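The values are calculated or read from the model by the stated rules, or taken from the named source; none is laboratory data. Everything numeric here is computed off the predicted structure, so don't read it as measured data. Neighbour counts run over all protein chains shown; Cβ positions are idealised from the backbone, glycine included. Remember, those area values only see protein heavy atoms, side chains included, never the ligands or the DNA or RNA. Shrake-Rupley method; radii C 1.70, N 1.55, O 1.52, S 1.80 Å.
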There are 2 protein chains.
Amino acid sequence: MHDPLPNVPQLLGILAVVLAAARLLGAAIAKIGQPAVLGELIAGVLLGSSVFGIVDPLDGVLHTFAELGVVILLFEIGLETDLTQLLRAGIDSIAVAIAGVVLPFAAGYFVCRFMGLSNTVAIFSGAALTATSVGITARVLNDLGRLKELESQIIIGAAVIDDILGLVILTIVGGMAKGDAITAWRVVSVTALAFGFLIGTILIGSLVVPWLMRLVSRVRVPGFVPTLGLLLAFGLAWGADAAGSAAIIGAFAAGLLLRPTPYVDEIEKGIAPLGHFFIPIFFVVVGASVDLHVFAPRPENFATLRLGGLLVVVAVLGKFLAGYAPFWFRGRKAIIGVGMIPRGEVGLIFAQMGLAAHVFDKAEFSAMTLMVMVTTFIAPPLLRLLFPPKETDGEEPDRNQSEIEI
Amino acid sequence: MHDPLPNVPQLLGILAVVLAAARLLGAAIAKIGQPAVLGELIAGVLLGSSVFGIVDPLDGVLHTFAELGVVILLFEIGLETDLTQLLRAGIDSIAVAIAGVVLPFAAGYFVCRFMGLSNTVAIFSGAALTATSVGITARVLNDLGRLKELESQIIIGAAVIDDILGLVILTIVGGMAKGDAITAWRVVSVTALAFGFLIGTILIGSLVVPWLMRLVSRVRVPGFVPTLGLLLAFGLAWGADAAGSAAIIGAFAAGLLLRPTPYVDEIEKGIAPLGHFFIPIFFVVVGASVDLHVFAPRPENFATLRLGGLLVVVAVLGKFLAGYAPFWFRGRKAIIGVGMIPRGEVGLIFAQMGLAAHVFDKAEFSAMTLMVMVTTFIAPPLLRLLFPPKETDGEEPDRNQSEIEI
């Protein structure tokens, strides 16, 4: 009836190793001026099957902890994001998101066809290239203390829209793999549901949440207000998923809605230790999904490396150029383009779905993970280069950096 | 190769419901002057299979969260416990623990034999009666703001010893169920390992931990020191289990060792939000293990109710009288006896092991859970009656109560 219960003490040992490695490598990387998240990703690669084999990204409990981590991260990013500013950057974000889906998809499709691959493989590859890991970019911008800059707001907005578009593509391509017919009606309804949830939640939530928080926060128990915030984040994450949108979008919406309430500081302080615990697990698990063996320059890897290398080029160029889509924007478009590059866990989900559906063979799957890996690992240092960490001056201490830093 | 990954969004929904129910019922129960943990247990009963069926205590991920909760709880209790004071109460604790194992075991054995049950069933029942839930008692004492009183220290000490003795009994009785021979050597080695880990860890840790913390805490990253504390707790919990002791004993030892360091306040503050999150899940899962159907006054339940009723009587009397074992102690022995009554999750583990080993039939298993349930639920209000919540006067604000309260 039930699977055997997990061996919890062993998991505690693994968690201790994961947290120790993530924090120490994160601190070491931060010391040399790079975003701490890079250290956590490297910790994951070391703990994954490529090297020590301690972290299995397909373990159910670790997977759950990692997912909770990215939900809490997006909740924290939402708490730091001003809805008005996000909307003001709205048109720019939409332009970046759409260009960032169309360009990599088209380029990826043609590269695969050019390499002689089938139509289905080309569509799946193109779809995997459209992803943007909002988690990784947001963490990097936060590590750099730059989350509130206009460029960052455009990136976050575009990455969120991209995440929803990615879901739409995932649903349609996933259906295609199962042999479903693609009808215009299906595309429209999936898209409407995915975006409708976010818009509806923000419209209704703006009215209900402040009133609800006032009502329930009368219960004066220690830690009650942060728990309420977490409840809203988890509830909306669940609701977003149930409505056909993504869980992290719901958590982000919860943060946006709580931001204008008087409880935002109390919630941020109460959630931070949960973030310190769960968020590194997410990045370690993403890192642990990397299989370094595909890099080995052996003859059997050449096809993988050739396809992977081409995909890396179009993946980087496609998103980078998308940063220039809002041609009217006067800020630094290169930063936006670079911020959209990392595919992270979203790209891996596409790659794994393609493998599970027998669309990708082992070599094509490895080429995909190579593309995901490279885009994920080059984005943090590139972003750091274009967007140096903000100096904390005495007058306005950089609240973000110290509060969400992991 | 792998089980399918858990449905995380659905789990987020369940977690939201669990946290909401636990916090609201906890606050409501606290409002009428009872320990908040009682509200969380009731929330568990309501969410469990008896009523709403939302929480399945055998779900792997929820089980893991619950176990993490009790590990964090015991870590927090350790952080609040002064080793010197614990040792000063040592002889009293040992007397209470031994009497609290011998009396309920003997009484339970004879009740079962008197009811015509087999020798094996009687031994298992006696063993299940020896358990004490250190988690429930410690939470109640903490809810009442009484954790630092001498009586409380004796209870905590005795409950910790009891937990180790319980493990020894569990190992031996568990071996018996598998048909292993019980040799004196086996009993001695299991006992020595279980106690040796705690004593060895405290001896070595007292020398190593302050030095280690000083060394590593030079890394100034936000939230690093609490993470270090958590690492020690998880590491020792894993080590304790690997050495044949219990994970929660390792976590408790980690707290004891960190208590005299200058980082104790920072660690307590950083861990508290994790406790707010994980600890209620533990009590909800314990509550959800309760099957209210055995209470229904139907003919097929009469044998269960009769056996269960008798077991409740000897369970309560056995532990209550154990409180009087340190006859030289001048404090309130009744409080100690009542504090030892709740069997909680430890009793359930014995009962479930007996069922899994086909020692207990369904009726006997239900009688056991009845005993566990009643002792778990009567202890908090009884303790509250004998040990009224401490008034917080302005001079010494009750730090415990506000810091660990859930």
Inset, instruction - Read through the list (1) over 24 Å from the mean Cα position of the chain (by Cα); (2) more than 9 Å from chain A (Cβ to nearest Cβ); (3) aliphatic (A, V, I, L, M); (4) surrounded by 14 or more Cβ atoms within 10 Å (Cβ to Cβ), then give the number of the only condition that B:A194 fails. - result: (1)
Legend entry - B:G229 being open to solvent by less than 40 Å² (accessible area, probe 1.4 Å) and either charged (D, E, K, R) or within 14 Å of another protein chain (Cβ to nearest Cβ) (or both): yes
Inset, instruction - Under 6 Å between Cβ atoms, at least 6 apart or on separate chains: pull out the pairs that start in region B:309-330 with a residue that is within 16 Å of B:S152 (Cα to Cα) and end on any residue that is part of a helix (DSSP H, G or I) and acidic (D, E). - result: B:P326/B:D92; B:F329/B:D92
Inset, instruction - Taking A:K319 as the residue in question, decide whether it is open to solvent by less than 30 Å² (accessible area, probe 1.4 Å), closer than 21 Å to A:V134 by Cα and among the charged types (D, E, K, R). - result: yes
Legend entry - Residue identified as in contact with an Asp or Glu (Cβ under 9 Å, 6 or more places away or on another chain), of a type in the set (A, V, I, L, M) and surrounded by 22 or more Cβ atoms within 10 Å (Cβ to Cβ) among A:V290, A:V286: A:V286
Inset, instruction - Report, by residue number, each residue of region B:293-312 that is of a type outside the set (V, I, T), surrounded by 14 or more Cβ atoms within 10 Å (Cβ to Cβ) and within 25 Å of B:D56 (Cα to Cα). - result: B:F295, B:N301, B:L305, B:G308
Legend entry - Selected residue [part of a helix (DSSP H, G or I), touching a residue at least 12 places away in the same chain (Cβ under 8 Å), within 13 Å of chain A (Cβ to nearest Cβ) and within 25 Å of B:I169 (Cβ to Cβ)] from B:V70, B:V17: B:V70
Legend entry - Residue among A:P397, A:P380, A:P388, A:P342 that alone is farther than 27 Å from A:V290 by Cβ and at pLDDT 80 or above: A:P388
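Within the bounds of region A:43-60, is there any residue that is within 9 Å of another protein chain (Cβ to nearest Cβ), assigned to a helix (DSSP H, G or I) and surrounded by fewer than 20 Cβ atoms within 10 Å (Cβ to Cβ)?
Checking region A:43-60: at least one residue is within 9 Å of another protein chain (Cβ to nearest Cβ), assigned to a helix (DSSP H, G or I) and surrounded by fewer than 20 Cβ atoms within 10 Å (Cβ to Cβ).
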Legend entry - Residues of region B:243-287 satisfying the condition of being away from chain A (no Cβ under 14 Å) and in contact (Cβ under 8 Å) with a residue 40 or more places away in the chain: B:G255, B:L256, B:L257, B:L258, B:R259, B:P260, B:T261, B:Y263, B:V264, B:F283, B:V286, B:G287
Legend entry - Residue list for region B:20-42, restricted to those being within 7 Å of another protein chain (Cβ to nearest Cβ) and under 28 Å from A:A243 (Cα atoms): B:A20, B:R23
Legend entry - Out of B:V111, B:V70, B:V101, sole residue that is hydrophobic (A, V, I, L, M, F, W, C), modelled with pLDDT of 90 or more and buried (at least 24 other Cβ atoms within 10 Å of the Cβ): B:V101
Legend entry - Residues that are of a type outside the set (K, R) and surrounded by 14 or more Cβ atoms within 10 Å (Cβ to Cβ), drawn from region B:322-336: B:A322, B:G323, B:Y324, B:A325, B:P326, B:F329, B:G331, B:A334, B:I335, B:I336
Legend entry - Yes/no for B:L38 being touching a residue at least 12 places away in the same chain (Cβ under 8 Å), open to solvent by 50 Å² or more (accessible area, probe 1.4 Å) and part of a helix (DSSP H, G or I): no
Inset, instruction - For region A:202-214, state whether one or more residues are within 14 Å of chain B (Cβ to nearest Cβ) and open to solvent by 20 Å² or more (accessible area, probe 1.4 Å). - result: yes
